[in-house]
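Worksheet: the structure to be examined is printed underneath.
Nothing in this text is a laboratory measurement; each read-out follows from the coordinates by a stated rule. What you see is a predicted model; the values in this text were computed from it and never measured. Glycine gets a Cβ as well: all are built from the backbone with ideal geometry, and neighbour counts include every protein chain shown.
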Amino acid sequence: MNYRSTRDTSITPAFVSSAEAIKKGLAPDGGLYMPEMLPKLSSMDIAALRPLSYARRASYILSMFLTDYDRDALTADCEAAYSEEKFPGGAAPIHKIDDELMSLELWHGPTCAFKDMALQIMPRLLSRALTMTGEDKKARILVATSGDTGKAALEGYRDVDGVDITVFYPVDGVSRMQKMQMTTQEGDNVNVCAVYGNFDDAQNGVKAIFSDKSLSERALEDGMFFSSANSINWGRLAPQIVYYISAYCDLIENGTISDGDEVNVCVPTGNFGNIFAAYIARAMGLPLGRLICASNSNCVLTDFIKTGTYDRTREFFKTMSPSMDILISSNLERLLYVIGGAALTSELMEELKKNGKYTMPESLHKEVCEVFAGYYLDEEETAATIRETFEKNGYLADTHTAVGIGCARKYMEETGDRKVTILASTASPYKFAADVAEAVGHKIDSDEPAVILNSLSEATGTQIPAPLLKTLTLPVRFTRTVDPSEMPAVALGK
Ligand SMILES: *Cc1c(COP(=O)(O)O)cnc(C)c1O
C-alpha cells in the first residue's frame, strides 16, 4: 500500500511507502499522507477478529495498511505495546453507561488518556521505519500538545533507540496535573518546553519548523532530522482505527448487538484525528451509522458540519476540556481529500491560510452531512452532564468524555435515532479531577494535585489510577518557557 499527499499531485515521488510516510510525518508540500486506497473489511474479517486479543486485532488491522512491514514484527510490536503491563485489564474495554451509550474507555494506558492507544505503538513503527529505509540520522520528534499528547508521546518515545523527543506545550493551556506529568518525565532522550500562547500558537510553531528548509538543513548538519508524533502522522492515525473495529467485535461478543447491526459513534473532538479514524473504519466497511462530532464551546467543527463553512476567525475559549480547545482541526484536511480530492484540498487549505476560513462546494457539504452530525456543549452543560451521568448512571466521566455523552444525548433527542452508540471515552476523570469534582458538587480549594486527586477519590468512592499516583512522587526536571519565535532554537537543542 502506498501513500500520497492530500495536496499536490505533482510532487515526486507521488507515492511513498508506509515506512516513508511514518518517517516523514508531513508531506513535502505541507499536506498529510493518505493511503492510495482504503482496504476493505469484510464480515469474514470481523469473524476472524472476534476471538483475538486486542494486540492481535491491532496487528491484523495494521497489516492491512502497513503492507511493507513484516507481519511477525508488527505482531511483536503490538504485543509489546498493548501488553497487560502497559494496559492492565485490557487495552480498550467497554463500559455500558445505559442501554444505548457504550463508553469505549481508551485511557487505561500509562498516561491515563486515549493518546496512549496510538503512542505506545507509534514509536515502534517509526523505529522500524528508520531501519527499513536505511536511515542513519537520528529522528527528533517535535510535538505540540494541548496536554495529553505530550505526555503520551514522552512515555511512548522515552529511551527508544534512534529517536529523541521535544515537546512544546502552551503555558496556560494545560491542567496542573498535565503539566506535572510532563515536567517530571523520566528518560534520557526527552525534552519539554512551555510556550507563551495557546495550543494553536504551539502547533503553528511546530508546523513552521517542519516547513523551514534552512532549519532542516541545520538539523541535518547536526546529524538529525525532524519528525512529528502529532495526529497528522499516519503512524498515529492508523492505530486509532483499530479500537473502533475492536469495539464492534466486543459488542457482538457481549451480546449487545448482532453481527451486521449498524451502530453510531460519538467522539469528543479537537484535531479531528480520533473521529477521522472512525470515518476510515466506516469507509472500510465496518457497519457504522452516524459519526457524531462532539465539541466544546470552541465549536468550529459543529458550525462546519452545519453550514459547510470552516471559520477559525472567532473567539477562542479556554474550557474545562482543554484537549479540545482547538480552532484548527488539522485532520479535517484528510476528510476534504477523501471526498473532494487533492486539487480542491490544496485550494481550501490555501484559503484557510489566507482568510482563516473556507466554504465547501454544496454537493460535498451534503456528503459530509450524510455521515457526520455536529453538536457542542458549553461549560455549564458539560458540568451538568458529569453530575447527571454520575448520579443517574453511576458513571464518572472526565470533562472531554462528558462533552461526548451530552452531544450523543442531544443527537438522540433531536433525531430520534437511538441506535447503540460507541462513545469514545478519552481520559480518566482523574486527569481533570478538579473540574470533575466540582461538577459532582465537591469544590476543592487547592490546586495541589495530591489534594485534588484524593478529594475526588473520597467524594466519589472511585480509585486514583496508579500512573497518576506515581507522578506525584517524581521531581520536576523541565522548567523552561519560551516565545513561539524561540521554538526553532529549542528544536535544534540550543
Ligand atoms: C486529544 C484529545 C481529544 C481530541 O482528540 P482529537 O484526535 O484531537 O480529535 C479529546 N479528549 C482528550 C482527553 C484528548 O486528549
**Report entry** Along principal axes, Cα extents of the stretch 1-47, largest first, whole Å
**Finding:** 40, 20, 14
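Calculate how large, on average over all directions, the projected area of the Cα convex hull of the stretch 122-263 is; give the answer in nm² to one decimal. Please list the in-between numbers first.
On the way: hull surface 45.2 nm².
Orientation-averaged projected area of the Cα hull: 11.3 nm².
By the gyration tensor of its Cα atoms, with a ≥ b ≥ c the square roots of the eigenvalues, what is the shape of the stretch 276-411: rounded for a/c under 1.5, prolate for a/b over b/c, or oblate? Walk me through the intermediate numbers first.
Values: a/c = 2.54, a/b = 1.52, b/c = 1.67.
Note, shape of the stretch 276-411 comes out oblate.
Could you order the peptides 57-68, 305-316, 72-83, 210-221 from most to least packed, using the average number of other C-beta atoms within 10 Å per residue? Numbers along the way, then the final one.
Details: 57-68: 21.6, 305-316: 15.0, 72-83: 18.7, 210-221: 13.5.
The most tightly packed comes first, giving 57-68, 72-83, 305-316, 210-221.
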Report task. Multiply the residue gap between F316 and D68 by 0.36 nm, knock off their C-alpha separation, and tell me the result in nm, one decimal place. Result -> 85.1 nm
Report task. Can you find, among Y337, S363, F272, the residue farthest towards the positive end of the dipole of the stretch 269-404? Put +1 on the C-beta of Lys and Arg, -1 on that of Asp and Glu. Result -> Y337
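In nm, what is the difference between 0.36 nm times the number of residues separating I11 and A47 and their Cα-Cα distance? Before the final figure, lay out the partial values.
On the way: separation 36, 0.36 × 36 = 12.96 nm, distance 4.05 nm.
Stretched out fully, the I11 to A47 stretch lengthens by 8.9 nm.
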**Report entry** Estimated distance in nm for a label pair at K213 and K137, the labels positioned 7 Å out from Cα along Cα-to-Cβ
**Finding:** 1.4
Query - Intensity falloff of the stretch 206-317 expressed as log10 I(q)/I(0), Debye formula with alpha-carbon point scatterers, at q = 0.10, 0.15, 0.16 Å⁻¹ - result: -0.46, -0.82, -0.88
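Using alpha carbons only, what's the Rg to Rh ratio of the stretch 68-164 with Rh from Kirkwood? Provide the component values of the computation, followed by the final result.
Working: Rg = 15.3 Å, Rh = 14.7 Å.
Ratio of gyration radius to Kirkwood radius for the stretch 68-164: 1.04.
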Requested in this report: Determine, from the Cβ-Cβ distance of R477 and K366 and an R0 of 45 Å, the FRET efficiency 1/(1 + (r/R0)^6), rounded to the nearest 0.05.
Outcome: 0.30
Query - Reduced Cα scattering model of the chain, Debye log10 I(q)/I(0), q = 0.05, 0.09, 0.13, 0.14 Å⁻¹ - result: -0.16, -0.56, -1.31, -1.57
Query raised in the report: How many nm separate the modelled label positions at D445 and K392, each set 7 Å beyond the Cα in the direction of the Cβ?
Result: 3.3
Report summary line: So E186 and F225, fully extended at 0.36 nm per residue minus their Cα-Cα distance, gain in nm 11.8 nm
Report task. Compute the separation of the alpha-carbon centres of the stretch 273-319 and the stretch 1-71 and state it in Å as a whole number. Result -> 22
Requested in this report: Counting helices only, and only those DSSP H runs with n ≥ 4, report the 222 nm mean residue ellipticity of the chain as the sum of -39,500 (n - 2.57) divided by its residues, in deg cm²/dmol to the nearest 500.
Outcome: -13500 deg cm²/dmol
Query raised in the report: For a paramagnetic label modelled at 7 Å from the Cα of E262 toward its Cβ, which residues of the stretch 288-325 fall within the zone defined by backbone nitrogen distances under 15 Å?
Result: 288-292
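Under unit Cβ charges (Lys, Arg +1; Asp, Glu -1), what dipole magnitude, rounded to 20 debye, does the chain have relative to its Cα centre?
Details: 48 positive and 67 negative charges, 132 e Å.
It comes to approximately 640 debye.
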**Report entry** Residue-wise HN-Hα coupling along the stretch 150-157, computed from phi with Karplus coefficients 6.51, -1.76, 1.60 (Hz; x: Gly, Pro)
**Finding:** x, 5, 5, 5, 4, 5, x, 9
